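The numbers here are math on the coordinates, done by the rules we state, and not lab data. Small disclaimer: the values here were computed from a predicted structure and weren't measured. Cβ atoms come from the backbone with ideal geometry, glycine included; neighbour counts cover every protein chain shown.
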Amino acid sequence: MVAMSPLPLPVTGIDAPFLLAARSEPVPYTPVWFMRQAGRSLPEYRAIRAGIPMLEALRRPDLIAEITLQPVRRHGVDAAILFSDIVVPLVAAGVDLDIVAGTGPVVAEPIRTEADLDRLPPLEPDQVDFVATAIRLVRAELGPVPLIGFAGAPFTLASYLIEGGPSRTYAKTKAIMHGEPRLWSALLDRLADIAATFLRVQIEAGVAAVQLFDSWAGALSDADYRRLVLPASAKVLAAATGVPRIHFGVGTGELLPAMAEAGPDVLGVDWRIPLSEAARRVPGMPLQGNLDPAILLAPWPVVQSEVRRVLSDARSLPGHIFNLGHGVLPETDPDVLRRVVELVHEVSAR
């Protein structure tokens, strides 16, 4: 890749509603962004990605920047999220991994013994310099709109590396968690360092906030999460200083208090519990969420009613960022996303 000179960066608006909400400060309206808004459902995304393998697209700063900006232009969201993937730092560090269409990340040689750890070297910042370049390109276009960076949490990354790909049971992962404590501890510590390095690169390049995705932590009990996962996630979040930090997982309603102890500034909530109940479990914490992504496929009156319900559930929160309870489904009509943004702004405007 040809080195590119750093671009002059505009000052991110510290009074952007997204950042105000993350700091539990008064907002003019509830800010909105959508997980997986960069790509998937947008025809312009499919057009620009045509014929380009995913891992190649994730390494090209020009494509990363353009795809990151597409939903901001089309939907009017209050924050952009970097077009990337949680496995990007693993691939950059040297893991033999591919993103298979219709399946997800597939690891050629899963990690299941201590000897296998040799195939997971530390991540050096210059191995992801293409991400830093893309962030500078995005910032030059975004103006005051905040840009969110992200990384995968150690447990979720470990589950892919151990299982060899997506899993429904995480049986191999749990077997190592409980049966090979030394291997598990060493693996999570190494992944925590990789995730922390990846987030620091993004923060230094200019993102205004970061999100730590522990997508599959909902497969764990509270006791297992606290003892075997929380310390590694806390290590990642502690390294991501200087910007608001969001922590999110799917099916993690029962884990919210423990996830809050990992040290985020904002907790993401999926659709399985009302935001009012999440607030009871983690009082005083700004929350993000939590419309069921499938609702967006329903008729507009249903969507409208559910959006209003989520906003009502969030009335007593110290800060609320409207989002989905997981990522945008590929078959979602982009016009519905735009209408949701407009509705949230209209209903919540002070």
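If N is the number of residues in the stretch 86-147, what value comes out of its Cα radius of gyration divided by 2.2 N^0.38 Å?
So the stretch 86-147 has a normalised radius of gyration of 1.47.
May I ask you to derive the relative contact order of the stretch 165-241, considering only C-alpha pairs under 8 Å and at least 6 residues apart, and to give it as an integer percent? Each step should come with its number before you reach the end.
Values: 31 pairs, mean separation 33.7, N = 77.
Reported relative contact order: 44 percent.
Can you give the convex hull volume per residue for the Cα atoms of the stretch 131-212, as a whole number of Å³?
Spread over its residues, the Cα hull of the stretch 131-212 gives 96 Å³ apiece.
Work through the residues other than Asp313 whose Cβ is under 14 Å from its Cβ and net out their charges, Lys, Arg +1 and Asp, Glu -1.
Net charge around Asp313: +2.
Using every Cα-Cα pair within the stretch 24-113, state what percent have a distance larger than 15 Å.
65 percent
How long are the three semi-axes of the equivalent ellipsoid for the chain, computed from the Cα gyration tensor as the root of 5 times each eigenvalue, in whole Å, largest first?
Working: eigenvalues 174, 119, 73 Å².
Equivalent ellipsoid semi-axes, largest first: 30, 24, 19 Å.
May I ask you to derive the relative contact order of the chain, considering only C-alpha pairs under 8 Å and at least 6 residues apart, and to give it as an integer percent?
Working: 684 pairs, mean separation 74.8, N = 350.
So the answer I get is 21 percent.
Multiply the residue gap between Asp126 and Asp15 by 0.36 nm, knock off their C-alpha separation, and tell me the result in nm, one decimal place. Show your work: numbers first, answer last.
Details: separation 111, 0.36 × 111 = 39.96 nm, distance 3.18 nm.
Going from the current span to full extension adds 36.8 nm.
About the Cα centre, and with charges only on the beta carbon of Lys, Arg (+1) and Asp, Glu (-1), how big is the dipole of the chain? Nearest 20 debye, please.
So the dipole magnitude of the chain works out to roughly 560 debye.
Using the Karplus curve 6.51 cos²θ - 1.76 cosθ + 1.60 with θ = phi - 60°, work out ³J(HN,Hα) for each residue of the stretch 104-110 in order, rounded to whole Hz, and write x for Gly and Pro.
Residue by residue, the stretch 104-110 yields x, x, 10, 9, 5, 10, x Hz.
For the stretch 160-177 and the stretch 66-109, write down the distance between their C-alpha centroids in whole Å.
Comparing the Cα centres of the stretch 160-177 and the stretch 66-109, I get a distance of 21 Å.
log₁₀ I(q)/I(0) of the stretch 189-303 at q = 0.20 Å⁻¹, via Debye over equal Cα point scatterers, no solvent, to two decimals?
Scattering profile of the stretch 189-303, log10 relative to I(0): -1.06.
Once the piece of chain linking Ala115 and Ala349 is laid out straight, how much longer is it, given 0.36 nm per residue of separation minus the C-alpha distance between them? Can you show the working numbers first?
Numbers: separation 234, 0.36 × 234 = 84.24 nm, distance 5.65 nm.
Working it through step by step, the gained length comes to 78.6 nm.
What fraction, in whole percent, of alpha-carbon pairs in the stretch 217-279 exceed 20 Å separation?
Of the Cα pairs, 23 percent sit more than 20 Å apart.
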